[in-house]
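The values are calculated or read from the model by the stated rules, or taken from the named source; none is laboratory data. What you see is a predicted model, and the numbers here were worked out from it, not measured in a lab. So basically every Cβ, Gly included, is an ideal-geometry build from the backbone, and we count neighbours across all protein chains shown.
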There are 4 protein chains.
Amino acid sequence: MAIEGSASEAREGRIRLGMVGGGSGAFIGAVHRIAARLDDHYELVAGALSSSPEKAAQSARELGLDPARSYGSFKEMAIREAKLKNGIEAVAIVTPNHVHYEAAKEFLKRGIHVICDKPLTSTLSDARKLKKLAEESDALFVLTHNYTGYPMVRQAREMVANGDLGAIRLVQMEYPQDWLTEDIESGGQKQAAWRTDPSKSGAGGSTGDIGTHAYNLGCFVSGLELAELAADLDSFVPGRRLDDNAHVMMRFKEKDGVAAKGMLWCSQVAPGHENGLKVRVYGTKGGLEWVQADPNYLWYTPFGEPKRLITRGGAGSGAAAARVSRVPSGHPEGYLEGFANIYSEAARAIHAKRKGAPVDPAVTYPTVDDGLKGMLFVDACVQSSKKNGAWVKV
Amino acid sequence: MAIEGSASEAREGRIRLGMVGGGSGAFIGAVHRIAARLDDHYELVAGALSSSPEKAAQSARELGLDPARSYGSFKEMAIREAKLKNGIEAVAIVTPNHVHYEAAKEFLKRGIHVICDKPLTSTLSDARKLKKLAEESDALFVLTHNYTGYPMVRQAREMVANGDLGAIRLVQMEYPQDWLTEDIESGGQKQAAWRTDPSKSGAGGSTGDIGTHAYNLGCFVSGLELAELAADLDSFVPGRRLDDNAHVMMRFKEKDGVAAKGMLWCSQVAPGHENGLKVRVYGTKGGLEWVQADPNYLWYTPFGEPKRLITRGGAGSGAAAARVSRVPSGHPEGYLEGFANIYSEAARAIHAKRKGAPVDPAVTYPTVDDGLKGMLFVDACVQSSKKNGAWVKV
Amino acid sequence: MAIEGSASEAREGRIRLGMVGGGSGAFIGAVHRIAARLDDHYELVAGALSSSPEKAAQSARELGLDPARSYGSFKEMAIREAKLKNGIEAVAIVTPNHVHYEAAKEFLKRGIHVICDKPLTSTLSDARKLKKLAEESDALFVLTHNYTGYPMVRQAREMVANGDLGAIRLVQMEYPQDWLTEDIESGGQKQAAWRTDPSKSGAGGSTGDIGTHAYNLGCFVSGLELAELAADLDSFVPGRRLDDNAHVMMRFKEKDGVAAKGMLWCSQVAPGHENGLKVRVYGTKGGLEWVQADPNYLWYTPFGEPKRLITRGGAGSGAAAARVSRVPSGHPEGYLEGFANIYSEAARAIHAKRKGAPVDPAVTYPTVDDGLKGMLFVDACVQSSKKNGAWVKV
Amino acid sequence: MAIEGSASEAREGRIRLGMVGGGSGAFIGAVHRIAARLDDHYELVAGALSSSPEKAAQSARELGLDPARSYGSFKEMAIREAKLKNGIEAVAIVTPNHVHYEAAKEFLKRGIHVICDKPLTSTLSDARKLKKLAEESDALFVLTHNYTGYPMVRQAREMVANGDLGAIRLVQMEYPQDWLTEDIESGGQKQAAWRTDPSKSGAGGSTGDIGTHAYNLGCFVSGLELAELAADLDSFVPGRRLDDNAHVMMRFKEKDGVAAKGMLWCSQVAPGHENGLKVRVYGTKGGLEWVQADPNYLWYTPFGEPKRLITRGGAGSGAAAARVSRVPSGHPEGYLEGFANIYSEAARAIHAKRKGAPVDPAVTYPTVDDGLKGMLFVDACVQSSKKNGAWVKV
């Protein structure tokens, strides 16, 4: 073990955090809590952990929360915490999609920062309203498109921005999974049940759950904006109510004199893929490839030279990656560290807010705009597919 | 070194072979000659190796051909060889695409077997005529879609046919390259010049040159037939006359109660890819992945079990792969061996023809039908792209 | 995202933790703090963070420690905290090696649990004394051979113990790095300086720093005990005072009727390796391979079947891995999670101690015995090398 | 498909070749025949294909040999062919090891070039005699250490020779297999039977069969010469008469001021490995890694820079690789092509001999010296192991 890590632990007082959702049995709640804890920027002090009051109370006990600050509903939590002297400064919303908007509203309007799971909402109309609310609020709105927190994703984005790839021509995105290959929602698998239920997930199935991640990542790395798309959506599993596979062709807005093209494939019925998120970007001068399952590696080919393997913390890895890294090269960081980076970036912004100081321009996290873009993407996919794959502007 | 190879050397007298094209400096001609020689089924005895008579003669000398059997044109060769007692029994056509039809015609009508490079022709109309000719002729017509000769491609096809993957839902094909990232055709690079020239290549650039390979392979492995496609073609390099990138969405005909979908990406402007041909097939019971650059491996995931790495000649590799293998597992076979398998399969059919015996049903090689399908694919891509990506039936 | 993680957050009251060493600029201290925090089992409340009092105080401030509990020496901390009603229950020792013994002694004799970085001590004599102390103390002694915390290492160990590999014949270990390829210790690189200084590191350089990890891991996975070894040590960089490369042949004690053999290579001068720790185990029925840089994968070959890729949380991954996992398959966990597993296993044992309950037999962490074995390994390597590679019993 | 291949087909008249051994059922005979044929430098015209006269005759028929030139013994072949006007110019000896010496002698003394399978002989004494004979003969002696024919092995050697790695410190070699994990020799598996029989294989089992390959390759790439070794040999399978696993530590002669060290592991009982030959070389300036199963890749790390993937024919691949390549980058070449390169290099030397011209200094093939080195390596391994791993000079 050799070189010192780059991510700072320096704290300016932990941020008091509440949580909506995330009671026992909820996978993503635990992830958010670890992410909040990892760099010691937050302290979980309140929760409305379940829509079931008993479950909420029990989960609060298990997490060691003060029972007085375990609430029966997010609304109650927002009202009460806003009045406390040391009430929560930020809230993590980790419910199914259809709750995001109503919950976020209650906190934003009381000046409490919101860290919200993706996708932004379950309907496009909610998304537009939430964007408006977020813009009007003094509080921050942070969306956990967590994959943008991986150091080598930051590295990739920095290299594209630096012009290392020249003008971008192609962005190829994919996010195959296999966990919905069979109908497990009918059998009551909880994660599957709400994700395939339009009333909870919204109009998109795989497109909303994972397609938005791939799309967000493609844009984040390439710096491009989508102009229009053509999509072909399927529900391969008989009886499934939302798409479980999507093929999408994309046309991006012109940049550096080139109108780039792209493809996106997301699937929940592709046996052999756990979370096969991959982004590839090609320009006039070079190409990049990043794979989520092996996140400490970034493949970079300057056109006409041998392919290079850039590793997190290793030679060729720059400042953008270093500021969100903790351990030296060769010691892999993973999903939780990437997720924690979103929380820690938010913390840096919140600390600046506390002091009335400007936020360091290097601080980067997904916003309500990214969330709305994701919702527009899902909406465009669904529309295009209904129109037999016609091009739909976003 | 351990186990004996499976490919037989047993010969029934070498087949007398002629060649059209393939003079010095032609890459693919040398490949065909090695492929013909590898398993010792052929003897090259005549040639019309170049459209330039001097170059033809010189190339013939270099290859040790009898000068009397070095011809100035393919037509002359066809006429004269057909009259010789020991004239050629088969001819390899390795010219640019626009010559394929006229050359094949001269040999087919004289009963000489044709082994022709892909794509079939440069125009769809030629392709249709050639199909008719081939059907009327007693001679064989073999198209060197060489990737179907790789043992693990045969293995994949066998597994799909055996139902190991269940009903097929998805076929994802890609063939990225980077050699045309810049405009090298203007500088006179010979391979680039004819491949980007519509009069020699036909209507498709990347679609014809490599998209047809990926498409052929996807169908070969999955056993599916394409119903319609939607394509978005680009010529990213300014001034380029043919597509150098294509994004294609596909809908296959129903099989086993499922109408599969697919995507195909081919590109000549994707830095970091040499010959990145990859085919992935997913069904209700499992998934497969094969990558041309690492051809001795086949990744297979039975749904709900760990991913398995099947190797050529290794455990889990079956009869279809074994009959086109030469060396034990762990000793890689490559591109030339796969190419040779097409030649050797053709030889097995020719030997059967010689004896008036039926051809072993295991013998498998691409035919004029595959060639026509490729041409229809290119035509559909070009049409769809002109219609802004509308679905076009094939 | 699909399946719920398996690692429990359920807390029974955070354990009060102190830290010796780990002030600013110390890489491994930050790692220990994250590891302690990740699963929320500990609360850092006291520290003797540096041998320099100012640096200690400043580091304590940065970490938000109560200044009254920032001590100038570990001895002072041990004495004072032992008297506090809510004094620390456990201490993390993260200093250079030569301080381990003296520090551990002060806490163990006061009944404070010790979590100590590896290698155990800088001298074999200290190691033996420490073992005695640890055995006499009622407090736990936990050594952070962190690689044993990786879920797939647990999986590998479980498979060997289950007999999936049959009787073990071979254990191949390697841990190459490249960071000491050049003489950076002379230039004052802090990490390099103490690691190449015999007075701080002890008799072994690469053998002590990384060889012990590889050896520990080989034994942990295989369940074997070393009988004797033959070593050839080098200091390739001119002027270096400790070994920077070691080649070791090993003979293990007989088990299941087979006396296994092994090799171990550790190096700090192998360009291209960051932390290339790899362990391979082969038995009469199968083989396993695990690579630290890609820790979520375990390659398993049942003899005569295709190689299988077992993934953390995926099919084929069992109970031993699941109990130290947090997120679903396909979302990589890394070095910090593995490190945290050692802390969390220790916490489970400490919680049992608190209650006077027996420790769950599944709880697994490296002990003072493992530490002594590591010291004996280093000693044997040095001795053997001095005797020109003669076999030395351990 | 893009760039023209570099390997020349230009022929100066095929070399007349005979073969000793290699009748039906012999794996390596077929490999030699393909290797001889691939670049069209040879014509097989005579054979003593089996020690059983009937089998010899039948094999000759199958290969289409003139029955008059199918001989009952190698001696008869040598005598008769030497008298023919157009008798064989070269002979391939592809028998089990114990026949190599006697057969080679008959041809060398008649001025017929010998291409001989490895290892050189079955005894060290035969090896020394053969070396003397080869030196006295005007004919060439070529040993098919075929792995030195792989283009990227040539590339690696060229890079080391060019100083790209600086002074070499470490050479790590391994060649694990699994085919002898169980006792298949007792069951009559032919390949296993002679390879585990000291009277046919000589004193080394795995050391002779595959250890010699790894050792040869390590020296070929690094340009180093071995000074001494310490070995620990095992026969893990009960009743096996020769080693099936060897652990070897090596000390090389000083070069560029550094006395390099190395390790070699060869095994036939390591489940999961087919032909896991791997060579890694590390110097003061960089490191290299090459793996036989993926032979078109060479990993190169200039110290302090990102790892680079050099591909056969791709950027960064130089002249030494190009002259033994046939197809463009991205189209894999394999084992047979590497083997053919040894034959083609031999042909270039034989053609020069024919003309009395000097051999192009770029022509590179393994010689009797390499063969003797291999025998000395096996002998030293066996001696050292008998002396409990004492260092033995070679």
From the residues in the stretch D:296-331 that are within 12 Å of chain B (Cβ to nearest Cβ) and over 17 Å from residue B:272 (Cβ atoms), which one is farthest from the chain's Cα centre (by Cα)? D:327
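With respect to residue B:348, determine if the residue is over 14 Å from residue B:142 (Cβ atoms), charged (D, E, K, R) and not in a loop (DSSP other than H, G, I, E, B).
Considered against the rule, which asks whether it is over 14 Å from residue B:142 (Cβ atoms), charged (D, E, K, R) and not in a loop (DSSP other than H, G, I, E, B), residue B:348 comes out as no.
Look at the stretch B:296-331 and say how many of its residues are outside any loop (DSSP other than H, G, I, E, B) and more than 16 Å from residue B:221 (Cα to Cα). Walk me through it before giving the result.
The first filter runs over the stretch B:296-331 and keeps only residues outside any loop (DSSP other than H, G, I, E, B), leaving B:297-302, B:307-311, B:319-322.
Next, only the ones that are more than 16 Å from residue B:221 (Cα to Cα) stay: B:302, B:307-309, B:311, B:322.
Total meeting the criteria: 6.
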(1) buried (at least 24 other Cβ atoms within 10 Å of the Cβ); (2) more than 28 Å from residue C:92 (Cβ to Cβ): which one isn't true of residue C:284, the others all being true? (1)
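Restricting to the stretch C:222-269, and then to whatever is acidic (Asp, Glu) and touching a residue at least 12 places away in the same chain (Cβ under 8 Å), can you tell me which residue is farthest from residue D:263 (Cα to Cα)?
Within the stretch C:222-269, the match that is farthest from residue D:263 (Cα to Cα) is C:256.
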Tally the residues that are out of contact with any Lys or Arg (no Cβ under 7 Å at 6 or more places or on another chain) and either within 24 Å of residue D:344 (Cα to Cα) or modelled with pLDDT under 95 (or both), restricting the search to the stretch D:74-84. 3
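Restrict the check to the stretch D:103-112 and report whether at least one residue is under 30 Å from residue D:217 (Cα atoms), assigned to a loop (DSSP other than H, G, I, E, B) and within 14 Å of chain B (Cβ to nearest Cβ). Give the steps one after another, and end with the answer.
Going through the stretch D:103-112, the residues under 30 Å from residue D:217 (Cα atoms) turn out to be D:103-109, D:111-112.
Then drop every residue that is not assigned to a loop (DSSP other than H, G, I, E, B), which leaves D:109, D:111-112.
Adding the requirement that they be within 14 Å of chain B (Cβ to nearest Cβ) leaves none.
Among the residues of the stretch D:103-112, not one is under 30 Å from residue D:217 (Cα atoms), assigned to a loop (DSSP other than H, G, I, E, B) and within 14 Å of chain B (Cβ to nearest Cβ), which makes the answer no.
Among the listed residues B:228, B:289, B:254, which satisfies the condition of being surrounded by fewer than 24 Cβ atoms within 10 Å (Cβ to Cβ) and closer than 30 Å to residue B:199 by Cβ?
On the way: B:289 fails: closer than 30 Å to residue B:199 by Cβ; B:254 fails: closer than 30 Å to residue B:199 by Cβ.
Only one candidate passes the filter, namely B:228.
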Could you tell me whether the stretch C:154-167 includes any residue that is part of a strand (DSSP E or B), more than 14 Å from chain A (Cβ to nearest Cβ), among the charged types (D, E, K, R) and more than 22 Å from residue C:345 (Cβ to Cβ)? no
Does the stretch B:130-158 hold any residues that are closer than 15 Å to residue B:218 by Cβ and surrounded by fewer than 24 Cβ atoms within 10 Å (Cβ to Cβ), and which are they? B:157
Scanning the stretch A:113-126 for residues that are touching an Asp or Glu at 6+ places or on another chain (Cβ under 9 Å) and assigned to a helix (DSSP H, G or I), the one nearest to residue A:353 (Cα to Cα) turns out to be A:126
Output the residue which, of all residues in the stretch C:67-97 that are touching a residue at least 40 places away in the same chain (Cβ under 8 Å) and part of a loop (DSSP other than H, G, I, E, B), is nearest to residue C:191 (Cα to Cα). C:96
With respect to the numbered conditions (1) under 20 Å from residue B:118 (Cβ atoms); (2) acidic (Asp, Glu); (3) surrounded by fewer than 24 Cβ atoms within 10 Å (Cβ to Cβ), which one is the sole condition not fulfilled by residue B:209? (3)
Say whether the condition of being away from chain D (no Cβ under 14 Å), within 26 Å of the chain's Cα centre (by Cα) and either surrounded by fewer than 23 Cβ atoms within 10 Å (Cβ to Cβ) or modelled with pLDDT of 95 or more (or both) is met by at least one residue in the stretch B:22-40. no
Restricting attention to the stretch A:170-207, and to residues there that are β-branched (Val, Ile, Thr) and within 23 Å of residue A:227 (Cβ to Cβ), which single residue is farthest from the other protein chains (Cβ to nearest Cβ)? A:207
Would you confirm whether or not the stretch D:66-77 contains a residue that is under 24 Å from the mean Cα position of the chain (by Cα) and either in the same structural domain as residue D:201 (by TED's automatic domain parsing) or of a type in the set (A, V, I, L, M, F, W, C) (or both)? yes
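Which members of the stretch A:46-91 meet the condition of being of a type in the set (Asp, Glu) and either under 15 Å from residue A:113 (Cα atoms) or out of contact with any Asp or Glu (no Cβ under 8 Å at 6 or more places or on another chain) (or both)? Give the steps one after another, and end with the answer.
If we filter the stretch A:46-91 for residues that are of a type in the set (Asp, Glu), which is where we start, we get A:54, A:62, A:66, A:76, A:81, A:89.
Answer for the stretch A:46-91, where residues must be of a type in the set (Asp, Glu) and either under 15 Å from residue A:113 (Cα atoms) or out of contact with any Asp or Glu (no Cβ under 8 Å at 6 or more places or on another chain) (or both): A:54, A:66, A:76, A:81, A:89.
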Condition (residue is on the phi < 0 side of the Ramachandran plot, modelled with pLDDT under 95 and of a type outside the set (S, T, N, Q)) applied to the stretch D:86-97: is it met by at least one residue? yes
Members of the stretch B:354-394 that are of a type in the set (A, V, I, L, M, F, W, C), within 23 Å of residue B:221 (Cβ to Cβ) and assigned to a helix (DSSP H, G or I): B:368, B:372, B:375, B:376, B:377, B:378, B:380, B:381
Is it the case that some residue within the stretch C:339-361 is touching a residue at least 40 places away in the same chain (Cβ under 8 Å) and farther than 20 Å from residue C:17 by Cα? no
Sole miss for residue C:309 among (1) without any contact (Cβ under 8 Å) to a residue 12 or more places away in the chain; (2) within 30 Å of residue A:316 (Cβ to Cβ) is condition (1)
Among the numbered criteria (1) in contact with a Pro (Cβ under 6 Å, 6 or more places away or on another chain); (2) within 13 Å of chain D (Cβ to nearest Cβ), which single criterion is violated by residue B:143? (2)
